[in-house]
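The values are calculated or read from the model by the stated rules, or taken from the named source; none is laboratory data. Worth saying up front: this structure is predicted, and the values here are computed from it rather than measured. Quick reminder, even Gly has a Cβ in these numbers, built from the backbone with ideal geometry, and neighbours come from all protein chains shown. The area values use the complete protein model at the heavy-atom level, side chains included, leaving out ligands, DNA and RNA. Shrake-Rupley method; radii C 1.70, N 1.55, O 1.52, S 1.80 Å.
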Amino acid sequence: MVGTSHFSGRRKALWIGILGTFSAVGLLLSNAGAGKNRLLFPKQTGPRLISIQPLPEMQGPMCEWVPASASMTLAAALQQERLAAAAPGARPDEAVRLAASQRKPERIIRDPYMAYSSVAVDHVNNEVVMTDENLFQIVFYDRLANTPASATMTEPKRIIGGKNTKIEFQCGVYVDPDSGDVYAVNNDTQDTLVIFSRQAKGDVPPDRELATPHGTFGIAVDEAAQELFLTVQHYHSVVVYNKMAQKDQSPIRLLQGDRTLLADPHGIALDPNNKLMFVTNHGSVARQVLGGRSRSSGGNRGEGKSNWPLDGPVPGSGKHLPPSITVYASNAQGDTAPLRVIQGPKTQLNWPTGIAFNPKRNEIYVANDMGDSILVLSGAASGDVAPVRVLKGPKTLIANPTGVHYDAHNDELWVTNFGNHTATVYQPTAEGNTAPLRVIRSSPLSEEALNIGNPGALTYDTKREEIIAPN
């Protein structure tokens, strides 16, 4: 243990007491040599020791005191420990390590059922398409399917999933209204947008792939302009591609910078009539080094590309802002400020994730993850404003919603509930504690969703005998 942090309040008091003792001894010796009739503590103007009070016994671990005469410095001692650990025989041999790697677990904590994360409707084929972030799949159902309470689950029409598909942790989905092609966004372990034809099923490779920045989340498409929009969660940005871009093609625009107010962006929706872009922000943000690196983690993925988001956060600049919805012109780029910001306690925003726009009513629907609700706001909303309507309550079955989709062709509102294995559909004007029109379910009613999204670490609470897994 090294560094100034060792000197706690107790340690400082100890040093003051020791120095005070040395001063007292020196004063006694000085007075002893001045003559027998000299007072032990004569009156003086400088500081003098009045009394010594022993410090209480110190609690907790302390760094071992290394005397100046020690033959080895602390740094050298630590280096010696590292060398000893790396010495031959210090680690198990290959056979022992192989045997350990093949041990069977005592038990497994996992959710065996699909957890829907995003949703889109193929109105030409009357199907609803959902991404399953738990089992890494894209699932297709009849749009009018409705799971009876007695049924174990809704039977899908087909599934795309498996190693060849490159589907992992998918958070956004889009269906081409003409071809039926499915665009699915990988958020974490696969920095690739995958596109499948409507005929695809099973463990098949994508028909088309596009290399994307690390941490893409939401997707929206401007069909008139043939442009594809993606939010980039980790680097607080929006990248725009030509809709038919593939492989290592560069984005055609980039929205990133302090003025944008993008802060952990997730969902994205477009208002094509008014040329607007709506983005939901969870609120955590760090400044990026403008002019710094222009690549994403996992190698020089963005090296040599134009309009690639910078990923050089300034150390110590991280902060948590209130969640928000930021509104821009759909052609916004660079470090451009939003036209409007929806933010504040009246909005009820709490991890706003998916977002959809209803052009008929000029309303936006927000999947309010931690609020277990769907918030409906005016498309013209700005500032700290209350929702026009809120869809929330036990009858709605809404639990940790992450995806929302407005089906303009059938005038219906779809919601994916990560918290209870369901996708639910409503009238677009539904509010309050209103039951859904139909329910698609991937598990029995009695099965509780584990909400395991992307656990990055584990720890064990010995007092409560609980396993803690941050998502």
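Listing for the model above:
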{"quantity": "Within-11-Å neighbourhood charge of residue 152 [Cβ basis; K, R +1; D, E -1]", "calculated": "-1"}
{"quantity": "Label-to-label distance, nm, for residues given as residue 452 and residue 388 (7 Å Cα→Cβ offset)", "calculated": "4.1"}
{"quantity": "Rough spin-label spacing in nm, given labels placed 7 Å along Cα→Cβ, for residue 110 and residue 464", "calculated": "2.6"}
{"quantity": "Heavy-atom accessible surface of the range 345-471: percent carbon and sulfur, 1.4 Å", "calculated": "52"}
{"quantity": "Residues of the range 328-377: accessible area per residue with a 1.4 Å probe, Å²", "calculated": "39"}
{"quantity": "FRET efficiency estimate (nearest 0.05) - Cβ-Cβ, residue 157 to residue 274, R0 30 angstrom", "calculated": "0.25"}
{"quantity": "Under the Karplus curve 6.51 cos²θ - 1.76 cosθ + 1.60, θ = phi - 60°, whole-Hz ³J(HN,Hα) for the range 385-399, x wherever Gly or Pro sits", "calculated": "10, 6, x, 5, 8, 9, 9, 6, x, x, 5, 5, 6, 6, 8"}
{"quantity": "Rounded FRET efficiency, nearest 0.05, which uses the C-beta distance separating residue 409 from residue 242 and R0 of 35 Å", "calculated": "0.85"}
{"quantity": "Ordering of 188-195, 315-322, 97-104 by burial proxy (mean other Cβ atoms within 10 Å per residue, highest first)", "calculated": "188-195, 315-322, 97-104"}
{"quantity": "Residue 124 versus residue 340: modelled label distance in nm, points set 7 Å from Cα along the beta carbon direction", "calculated": "3.4"}
{"quantity": "Whether the range 382-471 is rounded, prolate or oblate, judged on the alpha carbon gyration tensor where a/c under 1.5 counts as rounded", "calculated": "prolate"}
{"quantity": "For the range 133-285: accessible area per residue (Å², 1.4 Å)", "calculated": "37"}
{"quantity": "Per-residue SASA entry for residue 214, accessible area with 1.4 Å probe, Å² rounded to 10", "calculated": "30"}
{"quantity": "Spin-label zone in the range 155-173 - amide nitrogen under 15 Å from a point set 7 Å from the Cα of residue 101 along the C-beta vector", "calculated": "none"}
